[in-house]
Structures are given as structure tokens and as C-alpha cells.
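These notes are about the structure you will find just below.
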Amino acid sequence: MAAFHYVVRTKVIKQIKGTGEIDFLEVEKVFENESPIIARNLAFEHYQSYIDVLLKAKGLEYVSDKQTKVDLATFISPNAVSKIQFENSEVEFNSLFGNGIGVFMIIDFPMPDDQFTLKEGDELFVHGIGQVSFLSDDPNRMITELQREFEYYEFFKYPTNHKITNVLFCSQHEWEEGYRDAEPATYQILETPFSWEGLDVPYWWEQPAGLEVKQTQQSGKSLDELIAGGENSQVEFKPALVYNFSTERGGIGIKGIIAKSINAFLNSDGGFLFIGLNDNGNPQGLSHDYSLSEGKNEKDFFLLEFDNMLKHFLGFSIRNSVSGQFYHYIDKEIFVVTVSPSKRRPIFVNGQNGKEFYVRGEASSKQLTDPEELVNYCLDKWGTN
């Protein structure tokens, strides 16, 4: 058995007609081989077959990964519906926010001295489209994941079948922290369809992102309807990520509140967390969080704080169940967090007094503290596997 394998995961988020309940559908295809590069190649072929089907549904053909991300910004045109056969499931796509398809590397035997402390069952995001991962479409995060993947090939001395490529890339985080000069760094990774063109110069991250605008425009109706429906078992509003309105300062306690809501969605039926809305769903925007950025790029500051919140309170393993995107609602900018339910195991949050466990109620998060209640809930939800 190889030290790791690959999966192609398709996430579809839709509203069930009549009930308004949000259904998080996940289809997963596993690829294993004693030579992982073979499993990887098969995974990418399978991924591409999905992409071709989705493009065909829109009357389009594959040109490039970059063009595909524009053509399939929400998989299909707004308000349209298309039924597509995936494996043994017929999936009905509509314009609801959060769909995605991705290739992931799954760790079976971690490297003994893994500096990133990857554990058995942890995942690396290799490639994808849409909101299949919090790492999707962020080159700064993707390059790190791909480096880790290549390190595993090197450590276990697996053949790569000439799939190695050198990428010139200017890391935004390292550049802004002064770790690099004007020359981009060279990263050795395995090939993916992602285009690194134009990412080898400083300040590429300040260029207009046309895809983001297209996505928010096409996704608008569904998200607006969710907000208009108010808080419920799968929708939560929070005014800020970091800013404490009582002290008028940043506080880790505010992040802790966000983490508990995400934890509750993970342990229940998933949901959407809107940051920048008050309890009534009225937009107040992200300006209070942005005021703490101290001259840094406001969006980058926000994303870094969100990333740090996930790492500190929830850990590495939940990243691919959580994604986020900026969105313009009425005249304010907010942040939409999409949380898929945990399919395999309970998730705990790091609280002040140790590990805590939350589930979602009708419109709030509830902590389970009674051992018997907690065990029974987990058995009912995930069984004994």
C-alpha cells in the first residue's frame, strides 16, 4: 500500500424545494495504486471528465483551466437547471453558491519528520474549481500544498513519470514581510492544469480579479434569498471576525465565537455563515475588521485572520470542509463562509477549558457537555466507523 492516495471530490450545494433546507451533496471517487503517480493521473482524468460534462451542458468545450473557471463560475447560467449523471447519482445543478470539484491527496502514512505535522487521513488540495476547498484559486496557499505533495514523493522515493515542473512564483506573504527581493522564487512541484503565468512579479495580487465579480453577480439571487430568510439551523449572521464592538478593538474572543458557529455547522447539517451582517441580516460590512489592518491590504489581512482562526480553534483537518468568499450585498462588502457537514467523524473546537463540541439548533449553536448526550449524538450521526 502506498503512503498516500488521491480522491476526486464533487461538492454540490442546493436548496430543497418546498422546505428551503440546504442539502450538501458530496460525491467522492477514490484512486489508489502502489505507484501514486498512476493514481494521480487517473484522478486528473476523472476530474477532467467531470469538467467536460459540465462544459457540454453549457454548449462549451475545454480551452484552458483559466477559461473554464470563468465559464463555470457557478457551473451553469443563473436560474438555469441541469441534471447530470455523476457515478450512480443524478445531480441537479442550480445557481446556489458553493459548488466545486477538486483533486485531493490523502495521507495514509505520514512522513516521520513532517514539519507541517500532517496526520493519517489529512488532505492536501492539489487542484480544483469552485469552492471545493478554502484553498481554491489562492496561489499563495496552493503552492504550499503542491510543495508538500512533492516532498512526499521525494521522501518515499516514488516515481513521478516526468511530471515535475519548476514554477516561478512571487509569494505575496513572503514579499510583503520582506523575506524576498524583487526576484521570484522557484518552486518544484508536480504538474497541474493551473496557470502560474503572470504570478512571478510582485503585486500581481493587486490586479483586478474579474472572476470574483462574475461569481458574485451570478450567485447573487441565491445568497440574497438565504439572507432574506433570516437565521435558521443552516444560516448564521455575525457582525465581525475580529472587531469587538464593546472594546472597539480586535479580540481573539470574537474569533472564538465564529469558530464555535463553524464547529456547530460541521457537526450538524452544514450551513452558511455571513460575516458583516447584524442579527437582523442588515449589512454593516467589514469596515470595522478592516480598520484593524494597520495599513496592510484589507482583504489579505481579513483572509489571514480567518486562516489563523481556523488553525487555532479547529485545526488543519477541517480546511477542506470550509470555504469563504467576499460578496457585495446591497451596498456593503461581506464575507460568506460555506461549511460542509463532517461526513466521517465529530469535530471539536479548542475552547478556554479544553475541547468543546457544538451542534446547530434552530438558529443558534448549542454546546453538548453531558458525556452520554455527546456519545449518543455522535453514534446517531456517524455510527461506529
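From (1) more than 20 Å from Gly315 (Cα to Cα); (2) touching a Gly at 6+ places or on another chain (Cβ under 7 Å), pick out the condition that doesn't hold for Ile107.
(1) is the only condition that Ile107 fails.
Would it be correct to say that Gly361 is at pLDDT below 95 and more than 15 Å from Pro239 (Cβ to Cβ)?
yes
Determine which member of the set Gly121, Gly128, Gly98 is at pLDDT 80 or above, buried (at least 22 other Cβ atoms within 10 Å of the Cβ) and not aromatic (Phe, Trp, Tyr).
Matching residue, one of Gly121, Gly128, Gly98: Gly128.
Considering only residues that are touching a residue at least 12 places away in the same chain (Cβ under 8 Å) and farther than 11 Å from Ser365 by Cα, which ones fall in segment 236-248?
Phe237, Lys238, Pro239, Ala240, Leu241, Val242, Tyr243, Phe245 - these are the residues of segment 236-248 that are touching a residue at least 12 places away in the same chain (Cβ under 8 Å) and farther than 11 Å from Ser365 by Cα.
So is Lys296 part of a loop (DSSP other than H, G, I, E, B) and either farther than 14 Å from Asp269 by Cα or out of contact with any strand residue (DSSP E or B) (no Cβ under 6 Å at 6 or more places or on another chain) (or both) or not? Lay out the reasoning, then the answer.
Numbers: part of a loop (DSSP other than H, G, I, E, B): yes; either farther than 14 Å from Asp269 by Cα or out of contact with any strand residue (DSSP E or B) (no Cβ under 6 Å at 6 or more places or on another chain) (or both): yes.
Spelling it out, Lys296 is indeed part of a loop (DSSP other than H, G, I, E, B) and either farther than 14 Å from Asp269 by Cα or out of contact with any strand residue (DSSP E or B) (no Cβ under 6 Å at 6 or more places or on another chain) (or both).
State whether the residues of segment 108-116 include one that is farther than 22 Å from Glu32 by Cβ and at pLDDT below 60.
yes
State yes or no: is Ser261 of a type in the set (Gly, Ala, Ser) and at pLDDT 90 or above?
For Ser261, the condition - of a type in the set (Gly, Ala, Ser) and at pLDDT 90 or above - is met.
Among the listed residues Glu356, Glu294, Glu305, identify the single one that is in the same structural domain as Phe237 (by TED's automatic domain parsing) and farther than 15 Å from Ile258 by Cα.
One residue alone meets the criteria, Glu294.
Condition first: surrounded by 14 or more Cβ atoms within 10 Å (Cβ to Cβ) and hydrophobic (A, V, I, L, M, F, W, C). Now tell me which residues in segment 353-383 satisfy that.
Scanning segment 353-383 gives Phe357, Val359, Ala363, Leu368, Leu374, Cys378, Trp382.
Among what's in segment 26-66 and is aliphatic (A, V, I, L, M) and out of contact with any Phe, Trp or Tyr (no Cβ under 9 Å at 6 or more places or on another chain), pick the residue that is modelled with the lowest pLDDT.
Taking segment 26-66 as the starting set, the residues that turn out to be aliphatic (A, V, I, L, M) are 27, 30, 37-39, 42-43, 51, 53-55, 57, 60, 63.
In the following step, the residues that additionally are out of contact with any Phe, Trp or Tyr (no Cβ under 9 Å at 6 or more places or on another chain) were identified as 60, 63.
Working: Leu60: 85, Val63: 91.
Selected residue: Leu60.
List the pairs whose first member sits in segment 281-300 and is more than 15 Å from Gly250 (Cβ to Cβ), whose second member is of a type in the set (S, T, N, Q) and surrounded by fewer than 16 Cβ atoms within 10 Å (Cβ to Cβ), and whose Cβ atoms are under 8 Å apart, counting only residues at least 6 apart or on separate chains?
Gln284/Asn278
The values are calculated or read from the model by the stated rules, or taken from the named source; none is laboratory data. These numbers were taken from a predicted model, which means no experiment stands behind them. In this analysis, Cβ positions are derived from the backbone assuming ideal geometry, glycine residues included, and neighbour counts consider all displayed protein chains.
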